[in-house]
1. What about GLU46, is it outside the structural domain of VAL106 (by TED's automatic domain parsing) and surrounded by fewer than 11 Cβ atoms within 10 Å (Cβ to Cβ)?
2. Assuming ASP74 fulfils every condition listed in (1) of a type outside the set (Gly, Ala, Ser); (2) on the phi > 0 side of the Ramachandran plot; (3) modelled with pLDDT of 90 or more apart from one, which condition is it?
3. Do you know which of the residues in the stretch 34-56 that are out of contact with any Lys or Arg (no Cβ under 9 Å at 6 or more places or on another chain) and outside any helix (DSSP H, G or I) is nearest to LEU70 (Cα to Cα)?
4. Kindly list, by first and then second residue, each pair from a residue in the stretch 53-64 that is more than 11 Å from LEU77 (Cβ to Cβ) to a residue that is part of a loop (DSSP other than H, G, I, E, B), limited to pairs with Cβ atoms under 6 Å and residues at least 6 apart or on different chains.
5. Taking LEU138 as meeting all but one of (1) at pLDDT below 85; (2) of a type outside the set (Phe, Trp, Tyr); (3) under 28 Å from SER28 (Cα atoms), write down the number of the exception.
6. Please give the number of the condition SER99 fails out of (1) modelled with pLDDT under 90; (2) assigned to a helix (DSSP H, G or I).
7. Suppose we filter the stretch 49-88 for residues that are among the aliphatic types (A, V, I, L, M) and either farther than 22 Å from VAL106 by Cα or surrounded by 13 or more Cβ atoms within 10 Å (Cβ to Cβ) (or both); how many remain?
8. If you take the residues in the stretch 26-73 that are closer than 26 Å to VAL118 by Cβ and charged (D, E, K, R), which one is nearest to the chain's Cα centre (by Cα)?
Amino acid sequence: MRNTRSKRSSYAALPAAIASARPASEASAAEPLLSLDLTHQRAVSELIDRQRRERDFGVLFVTHDINPILDMVDRVLYLAGGGFRIGTPSEVLRSEVLSELYGSHVDVIRTHGRVIVVGAPDVAAEHPEHAEHPVHRLEGLP
């Protein structure tokens, strides 16, 4: 049986958190979608966006997965490799920008309104003879 209690608790606590931000001109949300299923991710994202528009305040939304909120954001601060880029999602979420940030080739693929970031394979995994610490594989696995 799945434990949905923490998901419900997180989801239920969000309106109270937003309500407490009423007098403020901005709100922050640190990984509010992390433990939620896709349906609740969308519901929470829409709730935050609706409150933002109705109350006319900005939201700093910290996430490792921008896809649930991609169509709701106007600016992105992307942190990687000790650097950062700020801009619109279309300015920042590009192969050349993320490749520069990571110092390695990165493909950014857009499909069905989503962004998929694919990094280059780890050299150690592809060429164990070049690794400082060899890659150990379990028998029977590729």
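The values are calculated or read from the model by the stated rules, or taken from the named source; none is laboratory data. As the structure is a computational prediction, the values presented were derived from the model and not from experiment. Every residue, glycine as well, gets a Cβ built from its backbone with ideal geometry; the counts of neighbours run over all protein chains shown.
1. On the way: outside the structural domain of VAL106 (by TED's automatic domain parsing): yes; surrounded by fewer than 11 Cβ atoms within 10 Å (Cβ to Cβ): no.
In short, no.
2. (2)
3. LEU34
4. PHE57/SER25
5. Every listed condition holds for LEU138 apart from (3).
6. (1)
7. Just the residues of the stretch 49-88 that are among the aliphatic types (A, V, I, L, M), to begin with: 59-60, 62, 66, 69-70, 72-73, 76-77, 79-80, 86.
Filter once more, so that each one left must be either farther than 22 Å from VAL106 by Cα or surrounded by 13 or more Cβ atoms within 10 Å (Cβ to Cβ) (or both): 59-60, 66, 69-70, 72-73, 76, 80.
Residues flagged as among the aliphatic types (A, V, I, L, M) and either farther than 22 Å from VAL106 by Cα or surrounded by 13 or more Cβ atoms within 10 Å (Cβ to Cβ) (or both) within the stretch 49-88 amount to 9.
8. Selected residue: ASP65.
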